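Read the structure below first, then the notes.
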Amino acid sequence: MAKYTIKRLLYMIPVLFGVAFLVFTILSLTPGDPGTIILGITAKPEDIAALNAEFGYDQPFLIRFFNYIGDIIFHFDLGTSYQSRQPVIEDIIARFPNTLKLTIFSMSLSAILGISLGILSAVRQYSKLDHICVVTALIFASIPGFWLGLMLLLIFALKLRVLPSYGAGTLRHFILPTLTVSMTSAAGLLRLTRSAMLETVRQEYIRTAKAKGASEKRVIWKHALRNALLPVITTLGTSFGASLGGAIIAETVFAMPGMGTLITTAIRQKDIPVVMGSTLFLATLFSLIILIVDLLYAFIDPRIKAKYQSGGKSRG
Amino acid sequence: MVKKKTRKHAQLAEIWRRYRKNKTAVVGLVILMFILFIVIFADLIVPYSKCIEQVGAERLQPPSLQHFFGTDEYGRDLFARVIHGARYSLFIGVATSLMALVIGAILGASAGYFGGIVDNVICRIMDVFMCVPPILLSLAVVAALGSNLRNLIIAITISCIPGNVRLIRSVVLTVAEQDYVEAAKSYGTNNARIIFRYVLPNAVGPIIVNTTMAISDMILSAAGLSFIGMGIQPPSPEWGALLSSAQTFIFSSPYLLIFPGIFIVLTSLSFNLVGDGLTDALDPKLKD
Amino acid sequence: MKRKITKKLAAAVCAAAMIMSMSAFSVSAAEDSIVIAVDADVDTLHPSDFSTTVEMDVLNQIYDTLMYMNPDGEHEPEPRIAESYEISEDGMTYTFHLRDDITFHDGTPLTAADVKFSLEMYQQSPYQGSQVTGLSSVETPDDYTVICHLENAYSPFLLGVCSVHIASQAYYEASPDEFASTPIGSGPYKYVGRNNGSNLTLEAYEDYYRGAPSIKNVTFEIIPDASTKAIALQTGEVNFAEIESASMIQLQANPDITIAEVPTSGFTYISMNLEQEPFNDVRVRQAINYAINRENLVAICYDGEAEVNSNICSKDRFGYSDEQFQYTYDPEKAKELLAEAGITTPYNLGKLLVAEKYSNIATVVQNDLRAVGLEVEIEVEEFNAYLNNLTSGNYGITALNMTLEGDTQMLEMAFMTEYIGTANNARYSDEEMDALFTSAAAETDSEKRAEIYNEIFTKAQEEAIYAVLCNPLILYAYNTDLSCPEFALEGFYYIYDFQWQS
């Protein structure tokens, strides 16, 4: 197991290098240069050129890329923002907690809602409740996130005035953004849990357990749920990326200083170090979460554990 | 030959029979037909010129008999824009899903079928793409290429290829182990033929379901990108763009936000309902 | 059995929902505090190396200037750090006499050395260097006298030098890193701190030489989204903000909110590349000027909150005169001019290039041009790409908004040959025009200067170098209980002048 974990950690290095190269390439394709963006079109061309030189932007693409990677590897330096001239890591430290909170809140809420209602739906397949759950889930999955956010803002912040409309100061600030992000993902989880439950219920061993006279409750909790949760956990892990996407939209609507607003602004300003640093940071985090999920998976399902130890392929 | 055809027929009839049983799925199909009707006959319902005709004196009019959905800030008829917008939004949804499907199928099938180095290379590249949140990837691509219809489609397609590759790869992995594929291999049938003749058709169920639902996601993604300000060229009436510009009038003219919103939700919902119905209808395990 | 599970789960879900919605939320503004919403975070608080409006708005509270001068260039400067000033006969020497009772926020006195240091810092700055254009050297005969020597007589110098933030030399030398992040000025407010991406706080500087400010605590909240900002204003979470015109209708209806409309010199215009056919023909440019219904454009793109004006010089600016020609909406005349120019309509002008934020202007322009038989296809580009194409002349026709604040002389950037590749988007090059601007800069007599500008703008209008459309207004929305003095051209605000009415 330890060997496997180390192998997976080492494997993250080429992936992250790939991410860095991908993002750097795309950003370098964007037209314009940081000097013009910062100083504006009324500036003198020589001032713009001097500023670009200061950023090292006058160097060719590959040299800039390897300089950047070199700084990360040898100096643990994520770079300095073109715009604020502050280390990128400071921006991340200031904003990441908000995004993390929002992501954790909304993933928890969507897990609670999605998994519990999904189980309920599956247990009572074809009942009225099942229909309501499934249809409601489908409706929520069909609503654009920002539209939902704006509607919530209109109702709770403006009409009822029970919640603040912007910012990230207190927990109360997180309620509306959390709802915005979690409704869509709760809908997805509900559907997934429901179908996974139905799938396992149909499996032979459950039938056997039932035939052996185990109570329905026991069958659901002991046998079915445990197996049904496997795909749910994987999805929770990989949906971190999607939650983050939802968070970006919610951060925009609710003016919340997070990673999403940081990166979107930086992309527009061609602030390459900020985009690179934050994307790499998120990608590292994402890879670690996937790894943890995989390990957790092995922990729950002994069959997979056996596969790891025999050195088999990790992901099917 | 004849026999085969009837068998296929019977199969379809069986699927339809199972699909029909699901009431909500039928409702979804009806909504979808309605949207398709709008897309096909948009020009007969209201001429395109109505979408771009600006009447300064009639700006921001609430819904009335002249303007069923009211008018926007340029004095353009919102009803006409929503009707013709269906073409753009649906086109974006379908085009991106199909493109992502084709690319995903080629990559996923090769990865699953060939295994070894091919699988490794493809999977590693997909891992890289999956590490970047899809919306950021789309955003960066649009920033690099510029925002117009073509680039919007490219950006959204790129961001959903990795998911497709993984799905198709795993389906192919299970199918490829089946006896008939082994048999075909041993006869020396060429690889592409095996993949397209035997492997993919058997993976068609999950792929259809996934693609149907993907269309819904793609329509929402496009709206999201438009919202952040990376949409398509004005004065094209794409739904996301309608919502994005309506956003500033959220208080004074909420109908600008409500009508296109309802159409997005309905369209997206219809694909989801149909996809959901198909999941059950196409799943042979559910035959009982 | 089944039922029990259902109930438990339902209870759990309800509990979760209740936690989420517990306790009502209310806002009350403290009497001595103000919350101001701004669009973006500050990247720096460096007194001279800043580039955004938000940074300027914050710095204006922290740093004081030598004088305060109304940007219209027609009022006498008010004393601030300098009690009085003199300009030599030849217009080459400016002498400022400083007050001797001014201290920085750290308690150290402000002297002529600090002013010299600040002026020289501006001179070196690629960001705000244009404020001290013409400055050659600074001399400090004693602690409270500053003499500025100019290279040539340059009359716009006074307005420019009046916007220089005076910073502490000692602080810069002691902690050059904190100089830009933790500013120490001599203005009415002290910097307290900021939460990256979220807010920034200031507090009153009680020893301010004009008397302690009435409002003690200032918070700048960052709210980029216009609708969110409008909601926050209505709930009272925010007391003062610049708003978008689209929020007007809603906010105007609210009796708790007052709206101020402030003129600016910024201009929305169509720029044509004079190096390309058919824009090199003056009749085509005039036709385009006649083809646009500016009143309609203002109604649509600015909800009426802009002043229609076809002249690049705004009405509140020094040098404007009604004698300068105004283009009005006349599609028939436009068609005639096009026919004269030998253009058979419908004629395809190619791409109308715009950045995303100007796409609404492009939509209206496209419509008006079509009415006189000129077809354009709108191409929206990402802002950076757009700037690149604009400055390098890689476009035919475009619509945008530009701000050339400060002295009227700043408009030289739109016309003089040396600015091709930067702000001279039309790529206009004319020796006579260059000479006129050069002579206006050197002229110290204000009446004569006005005459030269009259000549310049009359010429610009005759040749229809640009098709200027309007000057947008800045809209400030604030609590009706807050009393704000009238805002001057460009809408700079000083919280020192604000007051809560009890």
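Within segment C:159-171, being part of a helix (DSSP H, G or I) and closer than 16 Å to C:GLN128 by Cβ holds for C:LEU159, C:GLY160, C:VAL161.
So that you can scan it fast, the table gives a plain yes or no per residue for (1) farther than 19 Å from A:ALA242 by Cβ; (2) among the aromatic types (Phe, Trp, Tyr); (3) modelled with pLDDT of 85 or more:
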{"position": "B:GLY163", "(1), (2), (3)": "no, no, no"}
{"position": "B:VAL175", "(1), (2), (3)": "yes, no, no"}
{"position": "B:ALA183", "(1), (2), (3)": "yes, no, no"}
{"position": "B:GLY188", "(1), (2), (3)": "yes, no, no"}
{"position": "B:ARG193", "(1), (2), (3)": "yes, no, no"}
{"position": "B:VAL204", "(1), (2), (3)": "yes, no, no"}
{"position": "B:VAL209", "(1), (2), (3)": "no, no, no"}
{"position": "B:ALA214", "(1), (2), (3)": "no, no, yes"}
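Suppose the filter is among the charged types (D, E, K, R), at pLDDT 85 or above and closer than 24 Å to B:LEU32 by Cβ; does B:ASP280 pass it? Against the criterion (among the charged types (D, E, K, R), at pLDDT 85 or above and closer than 24 Å to B:LEU32 by Cβ), B:ASP280 does not qualify.
More than 18 Å from C:PHE487 (Cβ to Cβ), of a type in the set (S, T, N, Q), out of contact with any Leu (no Cβ under 6 Å at 6 or more places or on another chain) and within 14 Å of chain B (Cβ to nearest Cβ), is that true of C:GLN252?
Criteria not met by C:GLN252.
The set of residues in segment A:43-63 being buried (at least 17 other Cβ atoms within 10 Å of the Cβ) and either within 17 Å of A:ALA20 (Cβ to Cβ) or within 9 Å of another protein chain (Cβ to nearest Cβ) (or both) consists of A:ALA43, A:ILE48, A:LEU51. Of the residues in segment B:60-78, at least one is within 30 Å of C:ASN293 (Cα to Cα), in contact (Cβ under 8 Å) with a residue 12 or more places away in the chain and assigned to a helix (DSSP H, G or I).
Taking segment C:80-97 as the range and being part of a loop (DSSP other than H, G, I, E, B) and within 15 Å of C:ALA442 (Cβ to Cβ) as the test, the residues that pass are C:SER88, C:GLU89, C:ASP90, C:GLY91, C:MET92. Residue pairs whose Cβ atoms lie under 7 Å apart, separated by 6 or more positions or on different chains, with the first residue in segment C:40-63 and over 23 Å from C:ALA204 (Cβ atoms) and the second part of a helix (DSSP H, G or I) and of a type in the set (Ser, Thr, Tyr), are C:SER48/C:TYR122.
From the list B:ARG124, B:ARG87, the lone residue that is within 14 Å of another protein chain (Cβ to nearest Cβ), assigned to a helix (DSSP H, G or I) and surrounded by fewer than 24 Cβ atoms within 10 Å (Cβ to Cβ) is B:ARG124. Does C:GLY187 count as in a loop (DSSP other than H, G, I, E, B) and either surrounded by 19 or more Cβ atoms within 10 Å (Cβ to Cβ) or more than 14 Å from chain A (Cβ to nearest Cβ) (or both)? Considered against the rule, which asks whether it is in a loop (DSSP other than H, G, I, E, B) and either surrounded by 19 or more Cβ atoms within 10 Å (Cβ to Cβ) or more than 14 Å from chain A (Cβ to nearest Cβ) (or both), C:GLY187 comes out as yes. Suppose the filter is closer than 23 Å to A:ALA43 by Cα and at pLDDT 95 or above; does C:ASP407 pass it? Against the criterion (closer than 23 Å to A:ALA43 by Cα and at pLDDT 95 or above), C:ASP407 does not qualify. Considering every residue within segment C:370-380, establish whether at least one is acidic (Asp, Glu), buried (at least 19 other Cβ atoms within 10 Å of the Cβ) and either on the phi > 0 side of the Ramachandran plot or at pLDDT below 90 (or both). Taking every residue of segment C:370-380 in turn, at least one turns out to be acidic (Asp, Glu), buried (at least 19 other Cβ atoms within 10 Å of the Cβ) and either on the phi > 0 side of the Ramachandran plot or at pLDDT below 90 (or both). Exactly one residue among C:GLU151, C:GLU89, C:GLU74 is touching a strand residue (DSSP E or B) at 6+ places or on another chain (Cβ under 7 Å), at pLDDT below 95 and not β-branched (Val, Ile, Thr), and that residue is C:GLU151.
Kindly provide the set of residues from segment B:214-267 that are within 14 Å of chain C (Cβ to nearest Cβ) and within 12 Å of the chain's Cα centre (by Cα), ordered by number. Scanning segment B:214-267 gives no hits. One residue stands out among those in segment A:224-260 that are more than 7 Å from every other protein chain (Cβ to nearest Cβ) and modelled with pLDDT of 80 or more: the one that is nearest to A:THR80 (Cα to Cα), which is A:MET259. Every condition in (1) of a type outside the set (A, V, I, L, M); (2) over 23 Å from C:GLU76 (Cβ atoms); (3) touching an Asp or Glu at 6+ places or on another chain (Cβ under 6 Å) holds for C:GLU242 except the one numbered (3).
Looking at the structure I just gave you, is B:SER270 more than 10 Å from chain C (Cβ to nearest Cβ), part of a helix (DSSP H, G or I) and at pLDDT 85 or above? Working first, answer last.
Details: more than 10 Å from chain C (Cβ to nearest Cβ): yes; part of a helix (DSSP H, G or I): yes; at pLDDT 85 or above: yes.
For B:SER270, the condition - more than 10 Å from chain C (Cβ to nearest Cβ), part of a helix (DSSP H, G or I) and at pLDDT 85 or above - is met.
Candidates A:ILE38, A:ILE139: the one that is within 14 Å of A:ILE272 (Cα to Cα) and either outside the structural domain of A:ARG194 (by TED's automatic domain parsing) or within 25 Å of the chain's Cα centre (by Cα) (or both) is A:ILE38.
What do you reckon, is C:ALA230 within 14 Å of chain B (Cβ to nearest Cβ) and within 25 Å of B:GLY56 (Cα to Cα)? Spell out how you get there, then give the answer.
On the way: within 14 Å of chain B (Cβ to nearest Cβ): yes; within 25 Å of B:GLY56 (Cα to Cα): no.
Taking the combined requirement at face value, the residue does not satisfy it.
Do we find that A:SER121 is buried (at least 21 other Cβ atoms within 10 Å of the Cβ), modelled with pLDDT of 85 or more and in contact with a Cys (Cβ under 7 Å, 6 or more places away or on another chain) in this structure? The answer is yes for A:SER121. Check segment A:91-102 and report whether any residue there is away from chain C (no Cβ under 11 Å), among the β-branched types (Val, Ile, Thr) and surrounded by fewer than 19 Cβ atoms within 10 Å (Cβ to Cβ). Scanning segment A:91-102 turns up no residue that is away from chain C (no Cβ under 11 Å), among the β-branched types (Val, Ile, Thr) and surrounded by fewer than 19 Cβ atoms within 10 Å (Cβ to Cβ). Total residues in segment C:399-428 satisfying the condition of being among the β-branched types (Val, Ile, Thr) and away from chain A (no Cβ under 12 Å): the figure is 2. In this entry, B:VAL165 is excluded by the filter for residues that are facing another protein chain (nearest Cβ under 9 Å), part of a helix (DSSP H, G or I) and of a type in the set (Val, Ile, Thr). Looking across segment B:139-158, the residues that are small (Gly, Ala, Ser), buried (at least 24 other Cβ atoms within 10 Å of the Cβ) and at the interface with chain A (Cβ under 9 Å from one of its Cβ atoms) come down to B:ALA140, B:ALA143. With respect to the conditions (1) closer than 17 Å to C:LYS190 by Cα; (2) not assigned by TED's automatic domain parsing to the domain that holds C:VAL35, C:ASP57 falls short on a single one, namely (2). Here segment A:148-172 is the region considered, the condition is being under 20 Å from the mean Cα position of the chain (by Cα) and either part of a helix (DSSP H, G or I) or more than 7 Å from every other protein chain (Cβ to nearest Cβ) (or both), and the residue that is farthest from C:LEU233 (Cα to Cα) is A:LEU148. Note on segment A:64-90: residues that are within 14 Å of chain C (Cβ to nearest Cβ) and acidic (Asp, Glu) total 1. Filtering segment C:381-394 to residues that are modelled with pLDDT of 85 or more and either more than 10 Å from chain A (Cβ to nearest Cβ) or part of a loop (DSSP other than H, G, I, E, B) (or both) leaves C:SER392, C:GLY393, C:ASN394.
Considering the conditions (1) assigned to a loop (DSSP other than H, G, I, E, B); (2) without any contact (Cβ under 8 Å) to a residue 40 or more places away in the chain, B:ILE154 is excluded by exactly one of them, (1).
The values are calculated or read from the model by the stated rules, or taken from the named source; none is laboratory data. Treat the numbers as computed from the prediction; the structure is a model and nothing was measured. Reconstructed Cβ throughout: ideal geometry from the backbone, glycine too, with neighbour counts over all protein chains shown.
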